[in-house]
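**Student:** Provided herewith is a single structure, encoded as structure tokens, for subsequent inquiry.
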Amino acid sequence: MIDWLIHFSEDLLKTCRDVAPIAGIIIGFQVLVIRKPILHPIKTLLGFVNVLIGITFFMEGLKMALFPLGELMATQLTAPEFLGIPTEAAVAAWKDYFWVYLFAGSIGFATTLAEPSLLAVAVKAEEISGGAIRAWGLRIAVSLGVSFGIALGSFRIVNGTELYFFIIGAYLLVIIQTILAPKLIIGLAYDSGGVTTSTVTVPLVTALGIGLASTVPGRNPLLDGFGLIAFASLFAVISVLTYAQLAEWRNKKRNSSNQSSSK
């Protein structure tokens, strides 16, 4: 117990050091630029303490659970006995890793749907748009994009294809969609790509990528283990832009049908 308290205290000090610049900037602007006293200083101080303790517990939880869990799942799903291939086989075919792709897509969908950052953006988008953009519709669209992106990124790790082929292709698709998509949704789509890579998604997906690159023969964890977050972010943008384009097409078709029936 004493050892754990010492370890926790060290992590808490590290968190204080990381959060101190943020607190300094906020307080500095409030006092020196705006020149107004901080309202409810005791409540503000208590809030900062809660944030520090929460971040420390969160980081400790990542080290104890999510990182090991992601690596463990990658190891188990790529084991020769699970894949049904001879143990002495040097390399398995990419088709043998079907369960890896399914797990990657499933975990991408589930973690994104539960992402607090995405929930906040979706609620605000529905509120500001007056219901034109549905929170659930946006969350499902982003989750599907992340799911496909992480599954595709896992395929890239298994297959060994260079990362830049996929990234360049995805960016070209994003550029084309940005030109064609409704202007109302473009900023929201790009923000959705950013909020997907937050507290819930990043730790598990990063651990999965590193674990996968460590267990698949011929892959380097440093070169191949990273990049899944880029897939998640890019394909979230693509899915939201696609969702907006489909909604616009459906509305145009509905309006044209109403006009035809009125005639």
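**Student:** Taking the Cα centre of each part, how many Å lie between the range 1-79 and the range 164-187?
**Tutor:** Going from one Cα centre to the other spans 35 Å.
**Student:** With springs only between Cα atoms under 10 Å apart, run a GNM on the chain and tell me which of 34, 175, 133 wobbles the most.
**Tutor:** 34
**Student:** Related question: Starting from the coordinates of the alpha-carbon atoms of the range 171-263, obtain the Kirkwood hydrodynamic radius over all distinct pairs and give the value in Å to one decimal. Numbers along the way, then the final one.
**Tutor:** Numbers: mean 1/r = 0.0642 Å⁻¹.
It is 15.6 Å.
**Student:** Continuing with this model, one more query. Sort 50-63, 149-162 by packing, meaning the average of other beta carbons within 10 Å per residue, with the highest value first. All intermediate terms of the calculation are to be shown ahead of the outcome.
**Tutor:** Working: 50-63: 14.5, 149-162: 21.1.
Going by the mean number of other Cβ atoms within 10 Å, highest first, we get 149-162, 50-63.
**Student:** Here's another thing I want to ask about it. Please check: in the Gaussian network model of the chain (C-alpha springs, under 10 Å), which one of 27, 210, 107 has the largest mean-square fluctuation.
**Tutor:** Taking springs between Cα atoms under 10 Å, the residue moving most is 27.
**Student:** Report the paramagnetic label zone for residue 254: residues of the range 121-150 whose backbone N is under 12 Å from a point 7 Å from Cα along the Cα-to-Cβ axis.
**Tutor:** Residues 132-134 fall inside that zone.
**Student:** Also, I was wondering about something else. Can you match semi-axes √(5λ) of the Cα gyration tensor in Å to one of these, (1) 46, 18, 17; (2) 29, 22, 16; (3) 35, 34, 15, based on a calculation from the structure here?
**Tutor:** (3)
**Student:** Helix-only mean residue ellipticity at 222 nm, the chain, DSSP H runs n ≥ 4 weighted -39,500 (n - 2.57), per residue, nearest 500. What is it?
**Tutor:** On the way: 12 runs with 202 residues, N = 263.
Taken over the chain, the calculation gives -25500 deg cm²/dmol.
**Student:** Please check: in the Gaussian network model of the chain (C-alpha springs, under 10 Å), which one of 48, 235, 166 has the largest mean-square fluctuation.
**Tutor:** Ranking 48, 235, 166 by mean-square fluctuation puts 48 first.
**Student:** Shifting gears a bit: Under a point spin-label approximation (7 Å from Cα along Cα-to-Cβ), what is the residue 63-residue 110 distance to one decimal in nm?
**Tutor:** 2.6
**Student:** Using the crude model of +1 on Lys and Arg Cβ and -1 on Asp and Glu Cβ, and no other charge, please compute the dipole size for the range 33-116 relative to its Cα centre, in debye to 20. The partial results should precede the final answer.
**Tutor:** Numbers: 5 positive and 6 negative charges, 168 e Å.
So the dipole magnitude of the range 33-116 works out to roughly 800 debye.
**Student:** Output the peptides 199-206, 167-174 sorted from most to least packed, where packing is the average of other Cβ atoms within 10 Å over each peptide's residues. Present the calculation step by step, with values, prior to reporting the outcome.
**Tutor:** On the way: 199-206: 21.2, 167-174: 14.2.
Top of the packing list down: 199-206, 167-174.
**Student:** With an 8 Å Cα cut-off and a minimum separation of 6 or more residues, compute the relative contact order for the chain in percent.
**Tutor:** Numbers: 296 pairs, mean separation 61.0, N = 263.
That works out to 23 percent.
**Student:** Report, in order of residue number, the helices in the chain meeting two criteria: a C-alpha extent of 24 Å or more along the helix axis, and a mean Kyte-Doolittle hydropathy of at least 0.0; treat each whole DSSP H run as one helix. Kindly include the intermediate steps, with their values, before the conclusion.
**Tutor:** Numbers: long enough: 2-28 (37 Å, 0.78); 41-61 (30 Å, 1.36); 135-159 (36 Å, 1.24); 163-180 (26 Å, 2.34); 228-262 (50 Å, 0.03).
Helices meeting the criterion: 2-28, 41-61, 135-159, 163-180, 228-262.
We did not get these values from a lab; they are worked out from the coordinates using the rules stated. Keep in mind the model is a prediction, meaning the values are calculated, not measured. With ideal geometry, Cβ positions are generated from the backbone for all residues, glycine too; neighbour counts draw on all protein chains shown.
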